[in-house]
Amino acid sequence: MQDVFFERIKKINPKILDGLKEKKEFSFRINKHKADLEAVEALREEGFSPKSVDWNKYAYTLPIEDRKKITKSSTYTQNKIYIQNLSSIIAANMLDVNENDWVLDLAAAPGGKSLIFSEKARIVSAVEPDKKRFFRMKRNFKEHGAKNIQTYNKDGRFVYKATGPIFDKVFLDAPCSSEAHIDGEITWWNLKRVKRFSKLQKELIISAFECLKPGGEMIYATCTFSPEENEEVIDLLLNKYDEAKVIEVDLPIDNIQSGITKWEDKKYSDEVKKCIRILPESAYSGFFFAKIKKNP
Ligand code: SAM
């Protein structure tokens, strides 16, 4: 299985393999429900030297050696900062949420992205079917002072049947084969798993799109590289709905690659070139996302 995995990754982009090995930094962002930039000053007083990220003044990186130590700092224990990967932060910020928006986070636990949306939105609905993860997420929202998040212990595949197209924005951070988190020996990866997730993701993206108001925007994301779980899912949506359009995104980072249109015996719509693969590099872990508009 190892060989199959590495062969596939090499075909997507050989640079991914170097990025998977190298983890020199981690990142966090300021939780605006509880703090502002002064939280960084407090961290400096506690002996840390956070480096700011040039595309977001609330996001910072630190050397990986500080990862454990920071969880003991008072800034962290008071929930003034949230440890979150830069790829997640940047993708969540690509959904242009404003204070009038009702946002649906369709696969939400542990809730890191819902917390970002809650800082800007009128209301966020966070859906998570796994009971344990659901209750941990609820606690996470409470601890981080987010008061505008409603939580639902439901299966995302069927949410649209209950709601219809009512949400201004939707984020689907889909359950996936998590290839971006492979850094040592490959024990749990296999092709069957990729295919199983692909099927679930196709059902989830249809639900997400059906939940979206005409004129609304959504993001589909995964932390995996396989095209079956990424471009193929977007291609299915484009074939099913004439109103679905992929929107070009302008990202302020270089470690990215546009979507691929050919994989094994499959050919996808040229539109999927607008999808983004974030290549793993320092505090950015591997990520894939596509921004989609529902034309009225
Ligand atoms: N968005 C989260 C964050 O940033 O903190 C991470 C989400 S994680 C990638 C995917 C989540 O989808 C997991 O918590 C998993 O339990 C959940 N999930 C699995 N099957 C699902 C389904 N049928 N509907 C909705 N969510 C599902």
The conditions are (1) surrounded by 24 or more Cβ atoms within 10 Å (Cβ to Cβ); (2) free of Cβ contacts under 8 Å to residues at least 12 places away in the same chain; (3) of a type in the set (A, V, I, L, M, F, W, C), and residue 188 fails exactly one of them. Which is it? (1)
If you take the residues in the range 207-249 that are in a loop (DSSP other than H, G, I, E, B) and closer than 20 Å to residue 117 by Cβ, which one is farthest from the chain's Cα centre (by Cα)? 249
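Table: residues versus (1) in contact with an Asp or Glu (Cβ under 7 Å, 6 or more places away or on another chain); (2) surrounded by fewer than 19 Cβ atoms within 10 Å (Cβ to Cβ); (3) closer than 28 Å to residue 224 by Cβ.
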residue: 4; (1), (2), (3): no, yes, yes
residue: 13; (1), (2), (3): no, yes, yes
residue: 22; (1), (2), (3): no, yes, yes
residue: 30; (1), (2), (3): yes, no, no
residue: 33; (1), (2), (3): yes, yes, no
residue: 52; (1), (2), (3): no, yes, no
residue: 58; (1), (2), (3): no, no, yes
residue: 82; (1), (2), (3): no, no, yes
Pull out all pairs, ordered by first then second residue, where Cβ-Cβ is under 8 Å, the residues are six or more apart or on different chains, the first lies in the range 131-156 and is within 20 Å of residue 34 (Cα to Cα), and the second is of a type in the set (Phe, Trp, Tyr) and within 12 Å of the ligand (Cβ to nearest atom). 144/82; 149/141
Condition broken by residue 176, with the remaining ones in (1) touching a Pro at 6+ places or on another chain (Cβ under 9 Å); (2) among the hydrophobic types (A, V, I, L, M, F, W, C); (3) over 30 Å from residue 46 (Cβ atoms) satisfied: (1)
Considering residues of the range 191-221 that are farther than 21 Å from residue 242 by Cα and in contact with a Ser or Thr (Cβ under 7 Å, 6 or more places away or on another chain) only, the residue surrounded by the most Cβ atoms within 10 Å (Cβ to Cβ): 197
Filtered residue count, the range 101-122, keeping only those that are under 20 Å from residue 35 (Cα atoms) and either in contact (Cβ under 8 Å) with a residue 60 or more places away in the chain or surrounded by fewer than 20 Cβ atoms within 10 Å (Cβ to Cβ) (or both): 7
Starting from the range 161-183, keep only residues that are more than 15 Å from residue 203 (Cα to Cα), then list their pairs with residues that are modelled with pLDDT of 95 or more and acidic (Asp, Glu) whose Cβ atoms are within a distance under 7 Å, requiring at least 6 positions of separation or different chains. 165/210; 168/101; 169/101; 169/217; 177/229
Looking at the range 249-270, which of its residues are within 30 Å of residue 166 (Cβ to Cβ), surrounded by fewer than 21 Cβ atoms within 10 Å (Cβ to Cβ) and touching a strand residue (DSSP E or B) at 6+ places or on another chain (Cβ under 8 Å)? 249, 251
What is the residue count in the range 259-296 for residues that are among the small types (Gly, Ala, Ser), without any contact (Cβ under 8 Å) to a residue 60 or more places away in the chain and more than 20 Å from residue 171 (Cα to Cα)? 1
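The values are calculated or read from the model by the stated rules, or taken from the named source; none is laboratory data. Note that this is a predicted model, so its numbers are computed, not measured. Because the Cβ atoms are built from the backbone with ideal geometry, glycine has one as well, and the counts that use them run over all protein chains shown.
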